[in-house]
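Just below is one structure, and these are the notes that go with it.
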Amino acid sequence: MYNSTLAIYNTKSQELFNRAKNVIPGGVNSPVRAFKAVGGNPVFMKSAKGAYLFDVDGNSYVDMINSWGPMILGHAHQEIIDAVQDALSSSFSFGAPTEKEVLMAELICKMVPSIEKVRMVNSGTEATMSAIRLARGFTGKSKIIKFEGCYHGHGDSFLISAGSGVVTMGSPDSAGVTQGVANDTLTAPYNNLSSVKQLLEANRGNVAAIILEPVVGNMGCVLPLPGFLEGIRKLCDEEKVVLIFDEVMTGFRLAKGGAQERLNVKPDITTLGKIIGGGMPVGAYGGKKEIMDYVSPLGPVYQAGTLSGNPIAMSAGLAMLNHLSGNPSVYTYLDKITEYITSGIEQSINSLGLPYSINQIGSMYSLFFTSEKVIDFDKAKTSDTILFGKYFQGMLKKGIYLAPSQYESLFISLAITEEIADKIIKANHLTLTEIQ
Ligand code: HOZ
């Protein structure tokens, strides 16, 4: 049977990682998974159910990342399995329109009212790349403003002062991005309205879009200060700039209608991913009709995809969104259980007199190894990442699987019961005691 007493070294995971390194760059298909920021070797997973991950060596872990967000109901939820199984025998892809795509678009527009029309794509990266092309096509302007430490996938335009894996790997400005592309990306510190004003003034008439995570998950979890999102909305209206909320992480997670519903600020375009696919590779971008009608075949902005609207992915996503829209108590529970966990951790921090801080909203949170209040990228970077690595390893040994980087948010799922939350709090307390 599975156990939580880990034999992390000389394991099947180690063996697989060694083989993987010969044939996959860094042994992984997404950089943060290589554990470079936390030491040790990645754990190779075999299966997952509910709140638990099971690795190839027979160890179990409470999952605190949930596939970086999508598994909000917990793993292998029966409603998603049934929907996918039901779809399988009707073929995996048509490259032609289906009813499920219509149902999906109708449901998204209902759940996120700022979206009047939506286009399905295959990942969050595709959604953000397409959204800025659309904003440029719609406005006829070329520059965009993004925020330091925000991450919008790996499109060239976004790999400037980027968070997530790029900062984890120490290269927030990626090699391979041309100077021309970099020149069109302006950056401002998050939560700093006056620097956005300055950028708009200095580039008047040239800024097509401002893109941001309304709640950041990619420099760890960072919340907008009161008035920040409202201020950005007002500036966009005054300067005729398209406001894009990247809700790939927060969409359907912080509320049925995402961060924009919870924080009551509406963007012109929203990008979505993760939860929208129920665990399958799906993304979407949508917004005001007048903007979305610029997308081909109606308008001049080209964007296409062989697997876009894939029937299996639509089935998984529809089951997920139907569950969330039909059960509003999901969000009350997620808020309550996450607050229970973070207040337990806070108690440990206070009782041990440690200089750490926690940011939390809904079912997203981060424990930062710094005494600074983390409101932007500079503050996030004051965290002691060596200590974070020890914390990560300590938690892993106790059967708790965290994001292997200080610069990522944790995502709590509905499968976390109070009993499991107590286990997480206890492991935190023991680990924080050990690593001092
Ligand atoms: N950079 C991604 C999360 N912000 C990591 C995705 C992954 O490794 O699966």
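For this structure, a couple of remarks:
- Coil-residue chymotrypsin sites (Phe, Trp or Tyr not before Pro) of segment 276-372, DSSP, other Cβ within 10 Å capped at 13: Tyr302
- Taking Cβ atoms as reference points and 12 Å as the exclusive limit, the residues near Gly170 contribute a net charge of +1, counting Lys and Arg as +1 and Asp and Glu as -1.
- Label-to-label distance for Glu201 and Ser174 is 3.4 nm, based on points extended 7 Å past Cα in the beta-carbon direction.
- For segment 115-166, a simple Cβ point-charge model (Lys and Arg +1, Asp and Glu -1, everything else neutral) yields a dipole of about 240 debye relative to the Cα centre.
- With at most 15 neighbouring Cβ atoms within 10 Å, loop trypsin sites (Lys or Arg not before Pro) (DSSP) excluded, longest segment of the chain: 1-203
- Flagged links, alpha-carbon separation over 19 Å, of Lys146/Lys197; Lys100/Lys288; Lys240/Lys266: Lys100/Lys288
- Stretchable slack from Ala304 to Leu103, in nm (0.36 nm times residue separation minus alpha-carbon distance): 70.4 nm
- The angle between the Cα long axis of helix 311-326 and the main principal axis of the chain comes to about 80°, on a 0 to 90 degree scale.
- Segment 165-311 shape via C-alpha gyration tensor axes, a/c threshold 1.5: rounded
- Between Ser89 and Lys426, the modelled label-to-label distance comes to 4.6 nm, taking each label 7 Å out from Cα in the direction of the beta carbon.
- For the chain, adding -39500 (n - 2.57) for each run of n ≥ 4 DSSP H residues and dividing by the number of residues yields -11500 deg cm²/dmol at 222 nm.
- Global geometry of segment 293-384, whether rounded, prolate or oblate, following the gyration tensor of its Cα atoms and the 1.5 cut on a/c: oblate
- Across the options Gln303, Ile72, Ser371, the greatest Cα extent toward the positive end of the charge dipole of the chain (unit charges at beta carbon of Lys, Arg, Asp, Glu) belongs to Gln303.
- Cα-based helix-to-principal-axis angle, 12-23 vs the chain, degrees rounded to 10: 40 degrees
- Listing Thr11, Thr128, Thr168 from fewest to most neighbouring C-beta atoms within 10 Å gives Thr11, Thr168, Thr128.
- With respect to the chain, whose longest principal axis is taken over its alpha-carbon atoms, helix 99-111 is tilted by about 90°.
- Mean-position separation - Cα centroids, segment 49-95 and segment 341-395, in angstrom: 29 Å
- Around the Cα centre of the chain, unit charges on the Cβ atoms of Lys, Arg, Asp and Glu (plus for the first two, minus for the last two) sum to a dipole of about 440 debye.
- Along the axis of the charge dipole computed for the chain (Cβ charges of +1 for Lys and Arg, -1 for Asp and Glu, origin at the Cα centre), the listed residues Pro281, Ala34, Val121 are led at the positive end by Ala34.
Throughout, read-outs are computed from the coordinates displayed, never taken from laboratory work. Just so we're clear, the structure is a prediction, and the values are computed from it rather than from any experiment. With ideal geometry, Cβ positions are generated from the backbone for all residues, glycine too; neighbour counts draw on all protein chains shown.
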